[in-house]
Amino acid sequence: MKDRRLMKGLRSVALSLDPDVSEKADSFTLLQSIAAHCGLKLGDDGSVATCKKLNLQESSSLPNKKRKRETGGSTATTLPLSKAARQINDHSDQAALLPSQWQQGHMLDWMLRPFSTEHFIKHHMDQRPLHISRQQHQTYFDGLLTKSDIHQLLETQQLQYDTNVDVTSYTGGKRRNLNHNGWLETRTGEPEVASAATVMQRFEREGCSVRILHPQRWVEPIYKLLSYLEDELRSPVGCNAYLTPPSSQGFAPHWDDIDAFVLQVEGSKRWRLYAPQNKTDLLPLDSSRDLRDEELGKLLLEVVLQPGDLLYMPRGCIHQAQALPQAHSLHLTVSANQHCSWADLFQVCIPRALELAIEESLGLRRSLPFDMSRHMGLVHEGSDSAQRAGFSNTARQLLQQVMDQMPLDAAADRLSVHFIQQRLPPYGLTGEADPADLELSSDSKISMVRPGIATMTVEEDCIALYHCLSNPRVLHAAGPDDKPEAAETADGSPSAHGRLEFDLGCGEVIECLLASHSSKQLSFVLLEQLLDSSESGVDVFEFLSDLYSQGLIHVE
């Protein structure tokens with residue numbers, strides 16, 4: 001027992017220091033790996049010698065400079081998908097948790113066990129695929145979704161083709177969509193509700209896969225999982241469910257514009273993962289079309305997912321999957337990092353930076369030289385004239401003035417507002433409360449009911465506070481095909497996203513509140529003093545009542 005614990009400890013330490021260490025390495029190899037990381041050399045006879053410890057900053061500076069030219073400025077040490085896929089086994093002695101046992105703030109750790117979120121971010125996210133095998137824990141994802149649940153959704157939820165459900169097959173290199181109830185597709189322009197009998201018949205008899213889009217809208221455990229993940233990651237998280245008949249494949253090889261976490265729930269499925277052929281397709285901002293076999297790059301991984309297994313694929317990882325002959329396959333794809341790149345941030349802030357720079361810089365408002373066309377343009381691209389060099393130098397100097405005006409905080413706020421408006425309503429929070437129930441005194445302690453449920457921005461002459469408690473769950477991850485009627489309340493009035501306006505003088509108070517939580521409460525007296533010193537004229541009781549009525553604050 002002691003030898004087993006020692007070996008397990010050695011392997012855990014070695015893997016935490018170097019994720020490329022083999023899972024099957026013996027104890028001496030593990031010790032050598034640990035020693036090397038500490039700047040020591042462990043000889044075959046067990047002797048230890050000091051070796052020069054690698055200075056990562058100095059040794060990587062020249063390759064990184066070269067890589068910046070190759071990858072458009074990436075500071076990563078390796079190209080995405082250039083490393084081999086990682087495969088590990090979950091040997092944990094802990095039993096699988098039921099959805100009722102999940103803990104907020106630990107969902108990604110739960111999905112990635114035995115890895116931590118920190119380890120995953122450092123060694124895998126945006127870098128290479130990861131397969132976690134759970135042969136000893138095949139019930140790990142039980143309680144999320146079943147084949148019977150999908151049948152029940154089709155019978156009870158009026159799911160629409162294209163918007164909520166896809167029926168598709170992929171044979172002979174061609175994908176076929178059957179998003180209609182009749183034998184022939186007869187589009188009328190109106191959404192068609194999928195017939196449960198037709199969909200399941202095509203699944204059972206015609207080998208068609210069934211994809212349920214955004215099952216978190218109706219399935220409680222998936223709603224809880226995604227809501228907790230959005231709390232944790234502070235970015236949008238989505239989900240699709242895939243039910244595939246035995247020996248069938250529903251989709252052509254392709255890549256997606258999301259990081260994908262595949263959770264195998266029922267049956268088994270063979271996955272093949274490939275690198276894209278072109279570096280420009282690494283970490284793409286858009287999904288690909290269906291790809292042909294000759295367009296596939298290097299095979300990164302071929303693996304059969306069993307129940308309980310997890311597969312992570314970075315954006316741009318080409319993939320295709322086929323159910324094994326023995327039984328149907330059911331998996332969930334949990335998606336993250338869609339439109340959450342540096343490029344998305346700069347698309348927001350660069351136009352505003354140019355506007356601000358134009359106001360400040362006389363140089364940007366000066367006229368272009370009359371002879372520009374004599375030295376610039378495609379026909380002069382190879383010229384090394386002094387006039388061309390001078391023009392380029394002036395452009396770089398002016399561009400730097402634009403960069404100096406980059407409103408990063410304002411752009412980050414805009415992205416935060418967009419996330420708050422599109423995320424799920426937080427699981428377990430009820431939303432609106434009756435202001436008449438609010439009791440305040442000088443001894444009251446106030447905090448947000450949960451961190452990350454609201455954000456603030458400055459808009460013209462007010463502070464705007466956006467929150468997600470009134471977000472409609474049925475419109476999570478809504479696209480242009482979703483009917484706007486779904487966003488109406490019971491009385492037919494529009495259901496607007498939560499937004500409150502406050503006087504500009506309330507900014508400091510709101511900042512303090514947004515940073516509060518159950519372990520960092522604010523006193524009523526402090527809030528009253530902050531509002532009084534702001535000279536905003538806002539009454540503390542009215543201010544807190546507005547927040548309480550939206551369900552945003554907790555008062556003790």
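What follows is calculated from the coordinates using simple rules that are stated; it is not laboratory data. As the structure is a prediction and not an experimental result, all values here were calculated from the model. In this analysis, Cβ positions are derived from the backbone assuming ideal geometry, glycine residues included, and neighbour counts consider all displayed protein chains.
Please identify the GluC sites (Glu not before Pro) of segment 317-402 that satisfy two criteria: DSSP loop assignment and at most 13 other Cβ atoms within 10 Å. Which are they? Those that pass, being in a loop and sparsely packed, are E381. Which one, H339, C317, P351, projects farthest toward the positive side of the charge dipole computed for segment 285-392 from Cβ point charges (K/R +1, D/E -1)? The one lying farthest along the dipole's positive direction is P351.
Kindly state, to the nearest 0.05, the FRET efficiency for T198 paired with D384, given R0 = 45 Å and r defined as their beta-carbon distance. Result of the calculation: an efficiency of 0.10. For C317, the residues whose amide H sits under 5 Å from its own are D256, ignoring neighbours fewer than 5 places away on the same chain, with H placed 1.01 Å from N. Modelled spin labels at E535 and K298, positioned 7 Å past Cα toward Cβ, are 6.5 nm from each other. For the residue pairs K83/K122; K174/K279; K83/K298; K122/K520; K147/K224, alpha carbon separations beyond 21 Å are given by K174/K279; K122/K520.
Applied to segment 108-119, the Karplus parametrisation 6.51 cos²θ - 1.76 cosθ + 1.60 on θ = phi - 60° returns per-residue 3J(HN,Hα) values of 5, 4, 5, 5, 9, 3, x, 7, 8, 4, 4, 5 Hz, with x for Gly and Pro. Each Lys and Arg adds +1 at its Cβ and each Asp and Glu adds -1 at its Cβ; summed about the Cα centre, segment 117-165 shows a dipole of about 280 debye. Taking amide H as placed 1.01 Å from N in the peptide plane, Q87 has its amide H under 5 Å from the amide H of H131, each at least 5 places away in sequence or on another chain. Applying the Kirkwood pairwise sum to the alpha-carbon positions of segment 111-199 produces a hydrodynamic radius of 16.9 angstrom. In order along segment 306-312, phi translates into HN-Hα couplings of 9, x, x, 6, 10, 10, 9 Hz, rounded to whole numbers, per the Karplus curve 6.51 cos²θ - 1.76 cosθ + 1.60 with θ = phi - 60° and x for Gly and Pro. The protection proxy used here, the mean number of other Cβ atoms lying within 10 Å of each residue, ranks peptides 346-353, 92-99 as follows, highest first: 346-353, 92-99.
Of the peptides 248-254, 393-399, the order by per-residue mean of other Cβ atoms within 10 Å, starting with the highest, comes out as 248-254, 393-399. Relative to the current alpha-carbon distance between Q421 and S235, full extension at 0.36 nm per residue lengthens the span by 65.8 nm. Note on segment 263-380: Kirkwood hydrodynamic radius from all Cα pairs is 18.9 Å, rounded to one decimal.
Roughly how many nanometres apart are two label points built 7 Å out from the Cα toward the Cβ at I121 and L398? Distance between label points: 4.0 nm.
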